[in-house]
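Peer 1: I am attaching a structure below and will ask some questions about it afterwards.
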Amino acid sequence: MYGNPFLRLLRRQVEALVRNRHGDDYLKDRQAKTELARINRELKQLKKQIAALEERKSKLTAGFVE
């Protein structure tokens with residue numbers, strides 16, 4: 001498994017503490033919200049890249065027409 005063993009151990013301990021204090025559903029909900037936020041950020045970046053590529057494409061095709 002990749003990653004720092006100390007950080008993996010710390011993550012497991014923190015997750016166990018959160019489960020004990022707030023319940024398993026709370027942890028799953030927070031993890032899902034975090035994943036959703038990451039996906040939304042990535043989608044936003046990809047949309048910007050698509051827009052830039054579309055602009056380059058239109059400039060290049062306009063150059064062929066002339």
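What follows draws every value from the coordinates through simple rules; no lab data is involved. Predicted, not measured: the structure shown is a model, and the values here were computed from it. Reconstructed Cβ throughout: ideal geometry from the backbone, glycine too, with neighbour counts over all protein chains shown.
Peer 1: Size of the dipole of the chain about the Cα centre, Lys and Arg at +1 and Asp and Glu at -1 on the beta carbon, nothing else charged, in debye to 20?
Peer 2: On the way: 16 positive and 9 negative charges, 47 e Å.
Dipole size: approximately 220 debye.
Peer 1: Can you check what the net charge comes to around residue 50, using other residues whose Cβ is under 13 Å from the Cβ of residue 50 (Lys, Arg +1; Asp, Glu -1)? Walk me through the numbers on the way to the answer.
Peer 2: Details: positive: 44, 47, 48, 56, 57; negative: 42, 54, 55.
Result for the local shell: +2.
Peer 1: If the cut-off is 27 Å between C-alpha atoms, which lysines fall inside it for residue 28, apart from same-chain ones fewer than 8 positions away?
Peer 2: Here the lysines satisfying the reach criterion relative to residue 28 are 44.
Peer 1: Looking at the calculated P(r) for the chain, what percent of the C-alpha pair distances fall above 17 Å?
Peer 2: On the way: 1422 of 2145 pairs.
Of all Cα-Cα distances in the chain, 66 percent exceed 17 Å.
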